[in-house]
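Single-structure report; data block below.
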Amino acid sequence: MENWLTSIMNEFGYVGILLLIALENIFPPIPSEIILTFGGFMTQTANLSIVGVVLSATAGSVLGALVLYGIGRQLDVERMEKIVDRWGHILRLTKKDIHKADAWFDKYGPWTVFFCRFVPLVRSLISIPAGMSNMNMGVFLLLTTLGTLIWNVVLVNLGAYFGESWDVIAHYMDVYSKVIYVVLIVLFIVMVGLYIRKRQKR
């Protein structure tokens, strides 16, 4: 995959970076770390600037986030209630659970959207619950753009600084991503266990 990503960026420059980052948001397995650090390296070898790479990557991120936000809007609370009415007994969910989750996101959603932009995998998927909770689109765009911009500035500048050794940064970011994945899996298992235990007590 790494060779495919870098070849597209070499051939299409800013447009390639924008499209790849947009895809990365919709299909999280595509590693943004490689795109951003190699994009930074390209500023030293091709007719690209750090500002241009950062802006094109940020535009791609926002575009991809809007697609997932739109999907979330189609899965609003009312539709989730219909799903729970039909499948809730299997999923062990109730309408009350849906409303609790929605209320939580209404309260903490904005900061969640911002900080999750620094967490691999979640940084993309967080756009779906944001849409489901009908978060104000202006607020969503502002926090998504701000969080994504910070992430992009850091990685692109690291890629530019390390030059031909950009893949070292990509390697460490890959390790960071794997650690985050393990933590998320453990947290998910713990939360499911606690939820099941709570339901059994009822």
So G70, is it in contact (Cβ under 8 Å) with a residue 40 or more places away in the chain, part of a helix (DSSP H, G or I) and within 15 Å of T6 (Cα to Cα): no
Just wondering, is there one or more residues in region 25-38 that are among the small types (G, A, S) and in contact with a helix residue (DSSP H, G or I) (Cβ under 7 Å, 6 or more places away or on another chain)? yes
Residues satisfying the stated conditions in region 1-17, i.e. touching a helix residue (DSSP H, G or I) at 6+ places or on another chain (Cβ under 6 Å), open to solvent by 50 Å² or more (accessible area, probe 1.4 Å) and either under 17 Å from W151 (Cα atoms) or aromatic (F, W, Y) (or both): Y14
For N152, which of the numbered conditions (1) modelled with pLDDT under 85; (2) within 21 Å of L55 (Cβ to Cβ); (3) in a helix (DSSP H, G or I) fails to hold? (1)
Considering region 108-121, residues that are part of a helix (DSSP H, G or I) and either at pLDDT below 75 or out of contact with any Leu (no Cβ under 7 Å at 6 or more places or on another chain) (or both), and then whichever is most open to solvent (accessible area, probe 1.4 Å), we arrive at W111
Only one of V62, V53 is modelled with pLDDT of 85 or more and within 22 Å of D174 (Cβ to Cβ). Can you tell me which? V53
In region 31-61, what residues are hydrophobic (A, V, I, L, M, F, W, C) and open to solvent by 50 Å² or more (accessible area, probe 1.4 Å)? I50, V51, L55
Which number in (1) modelled with pLDDT under 75; (2) hydrophobic (A, V, I, L, M, F, W, C); (3) surrounded by fewer than 18 Cβ atoms within 10 Å (Cβ to Cβ); (4) within 17 Å of the chain's Cα centre (by Cα) marks the one condition that M173 misses? (3)
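The values are calculated or read from the model by the stated rules, or taken from the named source; none is laboratory data. What you are looking at is a predicted structure, and each value in this text was computed from that prediction instead of being measured. As a convention, Cβ positions derive from the backbone with ideal geometry for all residues, glycine included, and neighbour counts pool all protein chains shown. Heads up: the accessible areas ignore ligands, DNA and RNA and are worked out on the full protein's heavy atoms, side chains in. Shrake-Rupley method; radii C 1.70, N 1.55, O 1.52, S 1.80 Å.
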